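The structure appears right after this line, and notes come after that.
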Amino acid sequence: MPHIFPIVFPNIPSGDVYYFTTESETKYEVRFGRRRDNIFHATIVFGVVNDEYKGEEYTTTNKGELYNVMATISEIIRVFMSYHPRMLIYEFTAVAKDNENENAITVRRHLYERYLTGIFGTKWTYDFKGNTVLVCRIK
């Protein structure tokens, strides 16, 4: 069963940037950005922040930690949601890997889809627009 890596929480509990480091010393950032036109709409961005990856946030690390990384990101999203119970929409985009066609559904999007109900449950709907997913609270 996957485990959750230790999470570095924002200094302010309701903050929007979280970090964690894997057993292979790969450091990840998970950031929640609010939309200017709707503060109840957050974009979720996460990726590697190690210098060795030369700023390629969406790089594939291939360190055998995928399921633990996803479990940790899922937990961070749940924590953020607990501090922001009035959020209506979460959005994220599954960026294509170097060898993927940007116009096709990516492997990452298929991966992320498997985690949606485990994170958000049944009180949310999922709207897929290419590789972007809008997770919307059911009214």
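Being loosely packed, with under 12 Cβ neighbours inside 10 Å and either part of a loop (DSSP other than H, G, I, E, B) or in contact with a Leu (Cβ under 8 Å, 6 or more places away or on another chain) (or both) is the filter here; which residues of the stretch 88-126 pass it?
Correct list: 98, 99, 101, 102, 103, 104, 114, 121, 122, 123.
Tally up the residues in the stretch 127-136 that are at pLDDT 95 or above, surrounded by 15 or more Cβ atoms within 10 Å (Cβ to Cβ) and not aliphatic (A, V, I, L, M), please.
1
Suppose we filter 72, 59 for residues that are assigned to a loop (DSSP other than H, G, I, E, B) and either under 30 Å from residue 124 (Cα atoms) or at pLDDT below 95 (or both); which single one remains?
Working: 72 fails: assigned to a loop (DSSP other than H, G, I, E, B).
After ruling out the rest, the residue left standing is 59.
Of the residues 104, 96, which single one is touching an Asp or Glu at 6+ places or on another chain (Cβ under 6 Å) and of a type outside the set (D, E, K, R)? Lay out the reasoning, then the answer.
Details: 104 fails: touching an Asp or Glu at 6+ places or on another chain (Cβ under 6 Å).
The match here is 96.
So, residue 53, is that one at pLDDT below 95 and more than 13 Å from the chain's Cα centre (by Cα) or not?
yes
Show the residue pairs meeting these rules: Cβ distance below 7 Å; 6+ apart or different chains; first residue within the stretch 20-40 and of a type in the set (Ser, Thr, Tyr); second residue part of a strand (DSSP E or B).
If the second residue must be part of a strand (DSSP E or B), the pairs left are 21/27; 26/48; 28/19; 28/20; 28/46; 28/47; 28/48.
Given the options 93, 72, 125, name the one that is under 12 Å from the mean Cα position of the chain (by Cα), under 21 Å from residue 34 (Cβ atoms) and polar (S, T, N, Q).
93
State all residues of the stretch 21-46 that are over 22 Å from residue 82 (Cα atoms) and not in a loop (DSSP other than H, G, I, E, B); if no residue qualifies, say none.
21, 27
The values are calculated or read from the model by the stated rules, or taken from the named source; none is laboratory data. These numbers come from a predicted model, not from an experiment. Quick reminder, even Gly has a Cβ in these numbers, built from the backbone with ideal geometry, and neighbours come from all protein chains shown.
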